[in-house]
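Before any comments, here is the structure.
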Amino acid sequence: MRRWLRVVATGIAVAVGVVIMAPHAGAAGRLMASDPAPKEEVSQRPGWVTLAFDTTVKKSVVKILVLDSDGRNVVVGDLIYQGSTVMVQLNNALPKGTYTVKYQVDRKDGQPQGGAFQFAYGKGKWTDVDASWSGTAEQPPEMANPDPDVYKRQLLHLR
């Protein structure tokens, strides 16, 4: 119950932050806040990843992956969509380590755009990630694939 209350409180806080910061935002679909935050080292196992954008994002385009150090998606269940805020639940047995959040939303012209950041459960080991990308030409393959787990299985099979 405490975890659920924390998720709800975080969602509300992120939404309030978006409302306050929205007039200052530049490009549509810009990530304004997240929980966990980029390069945050959390001591308690995170149950959710919450992202807040500067504007309402298109539900049919938005996607969030949370990848462990082996490239496995640790998201369970469906994405929770609340207009400009989206949340995904994480595996309950999440081990300590560094996780890469990859996200995709829509641009004003309907093309996809997104980015990535890392957080850690415990001590983080940071690597370079594409902080932002825009358009189908720059879209990472795992974001273009409707089933990112199929793409990961193909990558793991090639190793």
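The values are calculated or read from the model by the stated rules, or taken from the named source; none is laboratory data. Bear in mind the structure is a predicted one, so any value in this text is a computation, not a measurement. Heads up, the Cβs are rebuilt from the backbone with ideal geometry, glycines too, and the neighbour counts pull from every protein chain shown. We work out accessible area using only protein heavy atoms, side chains counted, and drop any ligands, DNA or RNA first. Shrake-Rupley method; radii C 1.70, N 1.55, O 1.52, S 1.80 Å.
Descriptive notes on the structure:
- Inspection of the range 89-101 finds no residue satisfying the criterion of being buried (at least 19 other Cβ atoms within 10 Å of the Cβ), at pLDDT 95 or above and outside any strand (DSSP E or B).
- Qualifying residues in the range 107-145 (those that are among the acidic types (Asp, Glu) and open to solvent by 30 Å² or more (accessible area, probe 1.4 Å)) - the one nearest to Glu40 (Cα to Cα): Asp128
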